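What follows is a single structure, written as structure tokens, with notes after it.
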Amino acid sequence: MSETPLDEFVAKKGQSEAARLLRVTAPAIHKALTAKRDIRVLELPDGSFQAKEQRPFPSQRLAL
């Protein structure tokens, strides 16, 4: 399996095609790119794609 950052995947495939391959909307891709989320796209052995996000734990700040 190869792993590619979302911004590189979108640069290769285009935003609409990337959204279709990941089964999300084009606005969702745009929002993720704008927010600079750390999302990696995996190409699976069957040729499909899956995205995973690296997030800190805990993901939300604790209220003080």
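A short reminder: the numbers here are calculations on the coordinates, not readings from a lab. What you see is a predicted model; the values in this text were computed from it and never measured. Please note: Cβ atoms are built from the backbone with ideal geometry, for glycine as well, and neighbour counts cover all protein chains shown.
I want to make sure I understand the PRE zone here: with the label point 7 angstrom from the Cα of LYS36 toward its beta carbon, which residues in the stretch 5-19 have backbone N atoms less than 14 Å away?
In the stretch 5-19, the label zone of LYS36 (backbone N under 14 Å from the point 7 Å along Cα→Cβ) covers 7.
How much net charge surrounds THR4 when only other residues with a Cβ under 15 Å from its Cβ are counted (Lys, Arg +1; Asp, Glu -1)?
Numbers: positive: LYS12, LYS13, ARG37, ARG40, LYS52; negative: GLU3, ASP7, GLU8, GLU17, ASP38, GLU43, GLU53.
Here the count lands on -2.
Quickly estimate the mean residue ellipticity at 222 nm for the chain, helices only: each DSSP H run with n ≥ 4 gives -39500 (n - 2.57), and the total goes over all residues, rounded to 500.
Values: 3 runs with 25 residues, N = 64.
Value at 222 nm, helices only: -10500 deg cm²/dmol.
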